Amino acid sequence: MATSNTKLTKEEFRRQKDLEAARKAGTAPAEIDELTGKDINPHIPQYMSTIPWYLDTGKRTLAHQRLRKTEKIEEKWYHRGAKKGKAATKYRKGACENCGAMTHKAKDCVERPRKKGAKFTGKDIMPDEVIEDIEFTYDGKRDQWNGYDPNEYMKQVKGKTKRKEKELEEKMKNGLIDDIKDNDSDSDEDKYAEASDMPGQKVDTKTRTTVRNLRIREDTAKYLRNLDPNSAFYDPKTRSMRDNPNKDKNPEELAYAGDNFLRYSGEAKKISELQSFAFNAAEQGSDINIIANPTQGELLFKEVSEKKLKLKDDTQQKILEKYGGANHLNIPSKELLYAQTENYVEYSRTGRIIKGQEKAKVKSKYEEEVYINNHTTVWGSYWENGKWGYKCCHSFIKNSYCTGAAGIEAKNNAIIDVSTEKPKKSLLEEHLANQKNEKNRKRKLEEK
């Protein structure tokens, strides 16, 4: 498996893929780690086995995935003020003209300038200093605390403490105890002032660390946007709510519509496409690294995108030339298609408008003038006795089949028949009528 920095031809890339497939199937021997001599598992993903460019040594290994042992840094520093042996008894050629030491010149001498230097008097010659040549590592050169001696600092602290104690004793002798109490009260005020928390931040007075809050308290918290427990999930650790808490409302009208909008705003989408292009190019053997050289990656991405667009246009043009149909692509602009300006106007021979000055009807997003089941009007065009119906057939049944004028005539005849026929009697009325008829029949029989 080659690294991302090697450039392969199509044939080499195909052979490499075949070799990887054979190693995974077990028909080819596994790759050997050149540093440890062990076999490399062919099923390890490429993103783990690929060596980063800043650790690549040209050898196939998995050492970059192992825990690197850090060497203990030896704390070496210059011995300040150290002298090399005893001082010389006479002046030596090339030594400092002021103090007589061989380790520096007169312009670098830190001794008090003498009226007559050691070069001329040959007396009081200072011993040579210890000059050390210490080789530092990369981290050692940049270690800000290298050479720090805590013992020296403790000596300074002890000296300051002793001086303060002496000043305190002198003030007590001179009767300045009240002033000392005032100073103590001032220090107490400072102490309480340090213990108080500033607005907008959390202060730990013991460690003197400040943790600033990421949200202003006047703003509404994300988890309070929608109190429904089945709404968008809020992660308290990262303080993020990716989904929209109010999905039933228009996101453009909301003050907060979730954190996912950041993935599709600005240049986030362009960067995602650039990264995908770089990964695909690296798999095909191209030497592209958008982290080490982002300008090169962006230029290549722009060039490839232009070539794809040009190839698409050329292919479309060839298809149109071969099969025709270019006239169907010349459609009007959306402004003309969706404009509400379809006015029918009639003019006279003199140019005067005869018809068409009325206001145009506004187009609706719903289907218009669509009639079903042989109807010529829509449902709701007819009203009678608190019921809606079709005007073309006076039917009150929705989605019924239209019967036209015959249906209207049949309905009118049914109304006439209903108005002319006698009202139906109840059972009691029929019983009373039968009794009356029976009495009349008996009376007639008796008369005979």
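At 7 Å along Cα-to-Cβ for each site, give me the label-to-label distance between D313 and A292 in nm.
If labels sit at D313 and A292, their model points lie 3.5 nm apart.
So for each of 394-403, 344-353, 32-41 I average, over its residues, the number of other beta carbons within 10 Å; can you give me the resulting order with the highest mean first?
394-403, 32-41, 344-353
Provide the gained length on full extension for the span S400 to F233, in nm with one decimal, where the gain is 0.36 nm per separating residue minus the Cα-Cα distance.
Between S400 and F233, full extension yields an extra 55.2 nm.
How about the range 85-141: which chymotrypsin sites (Phe, Trp or Tyr not before Pro) there lie in a loop by DSSP and see at most 16 other Cβ atoms within 10 Å?
F136
In nm, what is the difference between 0.36 nm times the number of residues separating K444 and R349 and their Cα-Cα distance?
24.8 nm
For the range 85-129, list log₁₀ I(q)/I(0) at each q in 0.33 Å⁻¹, using the Debye formula over Cα point scatterers of equal strength and ignoring solvent, two decimals each.
Values returned for q = 0.33 Å⁻¹ are -1.38.
Counting other C-beta atoms within 10 Å, and keeping those with at most 12, which DSSP coil GluC sites (Glu not before Pro) do you find in the range 73-146?
Those that pass, being in a loop and sparsely packed, are E74, E75, E132, E135.
If each residue of separation counts as 0.36 nm, what is the full-extension length gain between I32 and I372 once their alpha-carbon separation is subtracted?
Value of the extension gain: 114.7 nm.
Once you put a point 7 Å from the Cα of N260 and another 7 Å from the Cα of N327, both along the Cβ direction, what distance in nm separates them?
Taking the two extended label points, one gets 4.6 nm.
Report, to one decimal in Å, the Kirkwood hydrodynamic radius for the range 10-65 based on all distinct Cα pairs.
About 12.2 Å for the range 10-65.
Say R0 is 60 Å: what FRET efficiency, to the nearest 0.05, do E167 and E20 get from their beta-carbon distance?
Calculated value: 0.15.
Expressed as a fraction of 2.2 N^0.38 Å, the rule-of-thumb size for a compact globular protein of N residues, what is the C-alpha radius of gyration of the range 367-420?
Computed over Cα atoms of the range 367-420, the ratio equals 1.18.
Just the Cα atoms of the range 76-151, one point each, no solvent: what log10 I(q)/I(0) does Debye give at q = 0.21, 0.25, 0.26 Å⁻¹?
For the requested q values the scattering log ratios are -0.88, -1.10, -1.16.
Tally Lys/Arg at +1 and Asp/Glu at -1 over every other residue whose Cβ is under 11 Å from the Cβ of D259; what's the total?
Summing Lys/Arg as +1 and Asp/Glu as -1 gives +2.
Apply the a/c threshold of 1.5 to the C-alpha gyration tensor of the range 269-323 and tell me whether it is rounded, prolate or oblate.
Verdict is prolate for the range 269-323.
In a shell of Cβ-Cβ distance under 15 Å around H394, excluding H394 itself, what net charge do Lys and Arg (+1) and Asp and Glu (-1) give?
Taking every Cβ under 15 Å from that of H394, the sum is +2.
Using amide H atoms built in the peptide plane, which far-off residues or other-chain residues are under 5 Å from I32 H to H?
HN-HN under 5 Å from I32: I40.
A short reminder: the numbers here are calculations on the coordinates, not readings from a lab. Values in this document were obtained by computation on a predicted structure and should not be read as measured data. A quick note on method: Cβ atoms are made from the backbone with ideal geometry, for glycine too, and the neighbour counts reach across all protein chains shown.
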